[in-house]
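Comments concern the structure below.
The values are calculated or read from the model by the stated rules, or taken from the named source; none is laboratory data. Values in this document were obtained by computation on a predicted structure and should not be read as measured data. Virtual Cβ from ideal backbone geometry, glycine too; neighbours counted across all protein chains shown.
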Amino acid sequence: MADLERRRNEELARILHQLGWSPERLARELNAALPPALAISSTAPYKWRDRGMVPRSPHDQTVCEVLSRTVGIAVTYEQLWGQMGSGRGAKILSPRLLTDPWTADTAQTALREAGADATPVRLTDLFRGDELQQAARHWASPAPELTGGEGALRIATEQLADLRLSYDSKQRLERAYGGGLILDLAKAELAMIGKLLELGAYDEPLGRELYGAASRLARLVGWANYDLGNDAAAQRAFVAALRAAHVSGDPRLGVSVVGCLAVQATHNSGGRGLDAVAMLSTALRAADEVLTPRERALQLGRIARAHGRKGEQISAEAVAERAFQALGDDAEHSQERADLEGMVGEGYLFLGDHERAQQLLAGAIAVLAPERARAKALLMVRLADSYLRTGERDEANRVADQARQLAAGMQSARVARALREFDSAAR
């Protein structure tokens, strides 16, 4: 809860007076509507009414729902909590983002929320690992019914082609200059696709492709948020992408989104107990037959790195070998091989095997193209860290200086944080 100033919530007080409810009665009604694990104390509503505090999700939305049913007219989030100021609790995001039915309508809702310019989501709003595991299983179930759009805007394949070109350009910019450069643009375009889904006229095949385009863009919004350190907002965008991928009927999209969630859980607190290896391995098995060699190798590399983070060397090496075999020796896959070498190198760095980590990281850095500057800068910092740990301080500083030059002006919190951590360790 946020308690920036003690300011009475006059709207909540008015509604409770209208109903003849005490704060204790509101607590009882809420607890009757919530799972036992989310029960609140009988005194919590006093803080909401008299001190201007705002409950966290899902309690904030549940208050609106309980009061709406009792009053007989809608009591909205904005009406009840909006006047208390920004930063005071959860926003317009659905507390049932993971548990709402997996339909086209709820996918549209999730996409709108991912593209909305809402109050920043707090780190404490991260989903639990078991919640994400449950959501990750849904993408492999049969796609829901989609009868087509019946709106006034006629959608054609030309619009889909334009959306794909726009997505590709934003992805290239994000990879080169960081998520901060494209996040607002990507969110605005995601909101636009949401409008097309809501107001457009399209048949089922075109509609499924449109949901696929929305899934890719929501995944990009999630990745940009992750690159900026907005982990909870990233998760919500990834879940929206997963819902849209489910409606599109394309399992390859679903696997790619689960892979993003696994990367987030591997590197930081995203997921709160999420087993990245188990979740991504399950997704990979479910869609293995439809994945391209490049896609399969990418996800296997992510699994190998996650094994390394868990200290499971034998499993990490076995999965890494499968990843390199899946990619083969095709010269056209040089960038993908560099990506894979970088992931496996990070895995060895987690395991403390610096000889192999340095060999793989240096090889990846040498091959990655200039348009992959953000990934290259991150791997440079990893390599510098490895040199520092093995006592090669001059080499570590040299590589770190190269990373700083490459990252100058880059809008990536991940790169900035990695450099700060290296500097701290070097001191």
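Those residues that are under 26 Å from residue 126 (Cα atoms) and at pLDDT below 85, I need them from segment 1-50; list them, please. Scanning segment 1-50 gives 1, 2, 3, 4, 5, 33, 34, 35, 36, 37, 38. Taking the criterion of being assigned by TED's automatic domain parsing to the domain that holds residue 163, in contact (Cβ under 8 Å) with a residue 60 or more places away in the chain and of a type in the set (Asp, Glu), would at least one residue in segment 213-233 satisfy it? Looking for residues that are assigned by TED's automatic domain parsing to the domain that holds residue 163, in contact (Cβ under 8 Å) with a residue 60 or more places away in the chain and of a type in the set (Asp, Glu), one finds at least one in segment 213-233, hence yes. In segment 365-387, the residues that are touching a residue at least 40 places away in the same chain (Cβ under 8 Å) and surrounded by fewer than 19 Cβ atoms within 10 Å (Cβ to Cβ) form Cβ pairs under 9 Å with partners that are part of a helix (DSSP H, G or I) and basic (Lys, Arg), at six or more places apart or across chains, as follows: 370/376; 371/172; 371/175. Kindly check whether there is at least one residue in segment 330-351 that is in contact (Cβ under 8 Å) with a residue 24 or more places away in the chain and at positive phi. No, that holds for no residue.
Go through segment 55-70 and count every residue that is of a type in the set (Val, Ile, Thr) and either closer than 12 Å to residue 11 by Cβ or in a loop (DSSP other than H, G, I, E, B) (or both). Residues that pass the stated criteria total 1.
Taking first residues from segment 127-146 that are among the basic types (Lys, Arg) and partners that are surrounded by 14 or more Cβ atoms within 10 Å (Cβ to Cβ), the Cβ contacts under 6 Å between residues at least 6 apart in sequence or on separate chains come to 128/272. Here residue 7 meets each of (1) part of a loop (DSSP other than H, G, I, E, B); (2) exposed (fewer than 14 other Cβ atoms within 10 Å of the Cβ) with one exception, condition (2).
Yes or no: segment 19-29 includes at least one residue that is on the phi < 0 side of the Ramachandran plot and under 30 Å from the mean Cα position of the chain (by Cα).
So far as segment 19-29 goes, no, none of its residues is on the phi < 0 side of the Ramachandran plot and under 30 Å from the mean Cα position of the chain (by Cα).
Hey, residue 274 hits all of (1) surrounded by fewer than 24 Cβ atoms within 10 Å (Cβ to Cβ); (2) in a loop (DSSP other than H, G, I, E, B) but one; which does it fall short on? It is condition (1) that residue 274 fails. Can you name the residue in segment 181-215 that is among the small types (Gly, Ala, Ser) and not in a helix (DSSP H, G or I) and is also farthest from residue 113 (Cα to Cα) among such residues? Checked segment 181-215; the qualifying residue farthest from residue 113 (Cα to Cα) is 201.
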